[in-house]
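Reading through the structure tokens given below for one structure.
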Amino acid sequence: MPPVPDSLPGLPDDYTSQFFTNDVVTRPDDLEFLARVLRCWADEEGPPPPIAPGEVMHPLDRSLKRGEVGISNIANGELEIVPESTLRLYQREFIKGDVVKRALTSPESALVVDIRSAVRLQHCLSKEKVDGWVDFEKMGNALLFDARDRVVYDEWIGTVEEVFEDGLVESQIGICYRLAEMGGLLEPGRLVADVIPKDMPEAAMSNPLPPFANPAVDRVIEVNPVVVYVTWNAINQQLPTAEQEKHPEPKQFWYGEDIKKLTRFDGIRMQPPGIGSILRFKDPADETRYGVKPTVHAGGMKTVKAMKVVESRSKLTLRWQSGEETEEWAIDMVPYRNVDDYETWPGEHLIWRGDNGERRHAVAQMFDPHQRVAELLFMDNNEKQIVPALEIDPGGRTNDSTYGVGIGMQVLLCENNGSTPPAVPVLGQAELPVKNMWSRNELAKLAEEYVVDSSKFGYFTPEGDRDLVDWYGEVIRLNLNGSIDVQLPNNALRTVGLHNTFLLNESHPEDLFAELEQQQPGEGDDWEMQGQLEAGIQNGFEVGSDASWETMSAGEDRLAAGWDQPGVIEIDVDMTSGEVEEDEESRDAREVDLAVGAAQTVTSQDRVPTPTSPGENPVGEEDEETRVTTKMYLANGVAQLPAASFPAPSPTSPGGSSKAGPSTQSNGQSVQLRSARQMDDGANEDEPWQRFEMLEAAPEDHWFIREPRLNAANKTYHSRLQREHKALISSLPDNILVRSYEDRTDLMRVLIVGPEGTPYSNAPFVFDVYLNPTKFPQEPPTVHFHSHTNGHGRCNPNLYEDGKVCLSILGTWSGDKSESWIPSKSSLLQVFVSISGLVLVRSPYHCEPAFAKLEGTREGIINSRLYSEKAYVLSRSFVRTALERPPLGLEAELRYFYLTQGRLQVVIEHAKRLIEKGEGTVPETLVEENAEMWNADAVGSLTTGAIITLKVSEPARPTPRLGADRTAVLRGRYVH
């Protein structure tokens, strides 16, 4: 079993995190305290990097225990790790298009289709509060330009990347001075100390601050844009091509009176109202209505009306998967981030996938997360059908395709985008890193020029007419008939078809939250500066390069430092002790002994009862010397794992054990293996089920058959291959067959039968192996997996539909070095047993590194149950494919196993029991539903969607599969 997560004392085993990244929390005994959650246990994917000698540990850079969160004090930026039990949720915000639940243990989820927010405000300088809640729609950004604003000029739309700004600062004695910077830190009410990096010595400034300046007291009272740096994304798509050519891409840098030519769209509407944000009333009449009292500065020449958000609340309009729409407070919902690959919500465009390769465009009408079926409107004939979830391809989550558009997305309108629905093209160029660095350097040069001579710059506001922009807008509703409602910048609504839109490339939501996080005052102490100051204060103006003012988020820090990810589990089977001086013959003999010995280590505990047939000895009476186990490495530690039994095929053998074996955790399961030598000693040599066999010629359907025949660089390859063969002959477990070839010693084909007690029970998994003679064993073998899921997704997180096998030992996953291929110790036996024992496991959901730690939590139980059901259903298609189109060289073995030995009948009877149980039992409560977990023979309560898929033999369209009576029953259940 994997190591138990390090938890705070007293937590229940199924404890689930209470807070999420970007939550604002307070303390029950100190309601003035506010902090933002920066790290939470559920989001962690590995331990922090080791601290370098002499380096001081960052306050948040230690592994979180379950029940802890890392927070940042909003008032002063102080960072600390604290127990969740000491905190209370104060604010939780979402953006349009987010998916939420009422609780992580609830199957039902909803799409956020609209948000109505209200804020409490106080003056950014006087701190005088405004009475009551203020509709967030009445507010705008206090800054004229901000990063991520959209701008339009001459039929082009662009994104503001950065702004060089000039701030007016009032000192404690009433004298004002100016401070300029391009890091986005200037805003009304901010202390100068929070603008200038704490670790920048005054000697680094070309001009010091005025003698009367006190950064700890002096505050910014006004901010003006000087230079606006824009990346132009796309041109108006309603223009004919000939007309588009008349509008070249605009310039990048805007200053002086040219700023007046821009039309600006406030990016703040895309963000939740963050505490500490500085806003202004859009309408002066609202300032009067709410009693805003401006402060007066600079001898009466300047007034400040900017307001600071001190509290916010949001009411969400939610569209549930059933189609029902409700209004809920944001604080009562939780984010649903581990969205299932097959889930959908009403109005979404997707693809229905048939087993025969047919693909049809459809719009979701309803999705039942309990029974895993969806009602679809097919766009080719305007008919509605109910289909299993496994036939749904929502796009984006299971592949690289993006289907349709989403709530809150920005789109360009057009006559026809030229794509086949539901695909929607994406427009919006983004600068390459090199170009971006050049552009920011040019911005820094303009900033220096402004310091020397500001005559060509000045302060101006954008004056473009928004009403003229009728070709760009935001998606606000997905209609069930497939049409889309788009809100234009002038708030007019336009209903269009999917073919009338281009998606506009935009920032990710997490970037918006990061922007909020950056804007919190007092956090300058913790910013990591990424460059040196390129310019200082000259003539009373401070100018810094963009690189000097940017920060790296905690997540980026960890990535840059190369944090280990929880990875693929490994098996440690020594091939050699690493003695390089030993002669080859002695080394061969010793290494085979080591390899076989490592695979035949005797163990007497944690065995799974094996079903017995007449004349077969029970497992408990088996000769102790014939039992084998392997030492298996988990990504987060080492565990001694015995393994699930794979009984010799027998017509009378039941479908599975009646008892659950030792609990499988994360990436492992309980397996018991017997050596191939034991099986072969008493076996008929003519029996097809030979563990290892060398055939004359490699099959034509071998994935690597077209790899060139290479001569080994030295005799190490041949001697190592002999040792590998000897280890496989003596130590392969019962459920693994290996075939090598006389004419192609560099190729192998491996058949692994899914172990009992897992969703993969009795399913055949075929892998083709290539041993490059010029590189093996210095480099690991190349392995290809033959997937037969027919485009319905992966049956295991480590086995991809395109054939990739994700394992550290194969070099296809960046795990710990100890898990990688070690030429002197790793072996092919280790690879094959790793796949059988640590990939084809009872709870494959937890093979995904990000989900491994969720095992045993309430959220993990639900998600694991659904994934195991998917794995079971998809792996049944492997049985059918193996009999209809058996891989060459294994035809006799598969016929023997499934037909002669009766395992096909076992598979069928097993599926029938699942179907009967699923159709006859409907859990009345959520607790009962979650209790229906996979036991020893993987019998659980199947959903309706899984049952439909199991009953299908060769489906062509959804209708024949269900039958009139079945369709009627489903419609009666789901139509509302």
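The values are calculated or read from the model by the stated rules, or taken from the named source; none is laboratory data. All of these numbers come straight from a predicted model, not from anything done at the bench. For neighbour counting, all protein chains shown are included, and Cβ atoms are generated from backbone atoms with ideal geometry for every residue, glycine included. The protein model used for the area step is the full one, side chains on, heavy atoms only, and it has no ligands, DNA or RNA in it. Shrake-Rupley method; radii C 1.70, N 1.55, O 1.52, S 1.80 Å.
Restricting Val363, Val339, Val405 to those that are more than 19 Å from Asp802 (Cα to Cα), open to solvent by less than 40 Å² (accessible area, probe 1.4 Å), part of a strand (DSSP E or B) and of a type outside the set (Gly, Ala, Ser) reduces the list to Val363. Checking the stated criteria, Ser126 turns out to be of a type in the set (Ser, Thr, Tyr) and open to solvent by 30 Å² or more (accessible area, probe 1.4 Å). Cβ separations smaller than 6 Å between residues 6+ apart or across chains give the following pairs from region 12-35 residues that are more than 16 Å from Gln91 (Cβ to Cβ) to residues that are in a loop (DSSP other than H, G, I, E, B): Asp13/Gly856; Asp14/Gly856; Asp14/Thr857; Thr16/Leu104; Thr16/Thr857. Count of region 838-850 residues, restricted to those that are in a helix (DSSP H, G or I), touching a residue at least 60 places away in the same chain (Cβ under 8 Å) and not hydrophobic (A, V, I, L, M, F, W, C), is 3. Report yes if some residue within region 315-326 is assigned to a loop (DSSP other than H, G, I, E, B), on the phi < 0 side of the Ramachandran plot and either of a type in the set (Val, Ile, Thr) or open to solvent by 10 Å² or more (accessible area, probe 1.4 Å) (or both); otherwise report no. Yes, region 315-326 contains at least one residue that is assigned to a loop (DSSP other than H, G, I, E, B), on the phi < 0 side of the Ramachandran plot and either of a type in the set (Val, Ile, Thr) or open to solvent by 10 Å² or more (accessible area, probe 1.4 Å) (or both).
Selection over region 251-270 of residues that are under 24 Å from Leu413 (Cβ atoms), open to solvent by 20 Å² or more (accessible area, probe 1.4 Å) and in contact with a Leu (Cβ under 9 Å, 6 or more places away or on another chain) gives a count of 3. On the stretch given as region 792-837, residues that are without any contact (Cβ under 8 Å) to a residue 60 or more places away in the chain, more than 22 Å from Ser740 (Cα to Cα) and not basic (Lys, Arg) total 9. Annotation: Ser824 fulfils all but one of (1) hydroxyl-bearing (Ser, Thr, Tyr); (2) part of a loop (DSSP other than H, G, I, E, B); (3) in contact with a strand residue (DSSP E or B) (Cβ under 9 Å, 6 or more places away or on another chain); (4) open to solvent by 10 Å² or more (accessible area, probe 1.4 Å); the unmet one is (3). Scanning region 236-259 for residues that are of a type outside the set (Phe, Trp, Tyr) and over 19 Å from Gly428 (Cβ atoms) turns up Pro240, Ala242, Glu243, Glu245, Lys246, Gly256, Glu257, Asp258, Ile259.
Listed by first and then second residue, the pairs with beta-carbon distance under 6 Å, at least 6 apart or on different chains, first residue in region 757-768 and among the acidic types (Asp, Glu), second open to solvent by less than 10 Å² (accessible area, probe 1.4 Å), are Asp768/His702; Asp768/Arg749. Which of the residues spanning region 780-791 are among the hydroxyl-bearing types (Ser, Thr, Tyr), in contact (Cβ under 8 Å) with a residue 24 or more places away in the chain and either open to solvent by 20 Å² or more (accessible area, probe 1.4 Å) or farther than 17 Å from Ala763 by Cα (or both)? Answer for region 780-791, where residues must be among the hydroxyl-bearing types (Ser, Thr, Tyr), in contact (Cβ under 8 Å) with a residue 24 or more places away in the chain and either open to solvent by 20 Å² or more (accessible area, probe 1.4 Å) or farther than 17 Å from Ala763 by Cα (or both): just Thr782.
Out of curiosity, is Thr967 more than 31 Å from the chain's Cα centre (by Cα), polar (S, T, N, Q) and modelled with pLDDT under 50? Answer is yes for this residue. The residue that is least open to solvent (accessible area, probe 1.4 Å), counting only those in region 474-492 that are more than 30 Å from Gln385 (Cβ to Cβ) and polar (S, T, N, Q), is Gln487.
Looking at region 748-757, can you tell me whether even one residue there is farther than 30 Å from Arg865 by Cα, open to solvent by less than 10 Å² (accessible area, probe 1.4 Å) and in a strand (DSSP E or B)? Yes, the conditions are met somewhere in region 748-757.
One line per residue, one yes/no per condition, for (1) of a type in the set (S, T, N, Q); (2) open to solvent by less than 20 Å² (accessible area, probe 1.4 Å); (3) modelled with pLDDT under 90:
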residue	(1), (2), (3)
Lys435	no, no, yes
Lys445	no, no, no
Glu463	no, no, no
Val469	no, yes, no
Arg494	no, no, no
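Could you tell me how many of the residues in region 840-856 are of a type outside the set (A, V, I, L, M, F, W, C) and surrounded by fewer than 24 Cβ atoms within 10 Å (Cβ to Cβ)? Matching residues across region 840-856 total 5. Condition first: open to solvent by less than 20 Å² (accessible area, probe 1.4 Å), assigned to a loop (DSSP other than H, G, I, E, B) and among the aromatic types (Phe, Trp, Tyr). Can you find one or more residues in region 803-818 that meet it? No, the conditions are met nowhere in region 803-818. Looking across region 873-901, the residues that are hydrophobic (A, V, I, L, M, F, W, C), open to solvent by 40 Å² or more (accessible area, probe 1.4 Å) and more than 30 Å from Arg372 (Cβ to Cβ) come down to Leu888, Ala892, Leu899.
Residues are listed down the side, and each one gets a yes or a no for (1) in contact with a Lys or Arg (Cβ under 7 Å, 6 or more places away or on another chain); (2) part of a loop (DSSP other than H, G, I, E, B); (3) of a type in the set (Lys, Arg):
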| site | (1), (2), (3) |
| --- | --- |
| Val25 | yes, no, no |
| Leu34 | no, no, no |
| Arg39 | no, no, yes |
| Pro53 | no, yes, no |
| Val56 | no, yes, no |
| Pro59 | no, yes, no |
| Leu64 | yes, yes, no |
| Ala75 | no, yes, no |
| Val82 | no, no, no |
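If you check Leu350, Leu377 for being under 23 Å from the mean Cα position of the chain (by Cα) and over 21 Å from Pro797 (Cα atoms), only one passes: Leu350.
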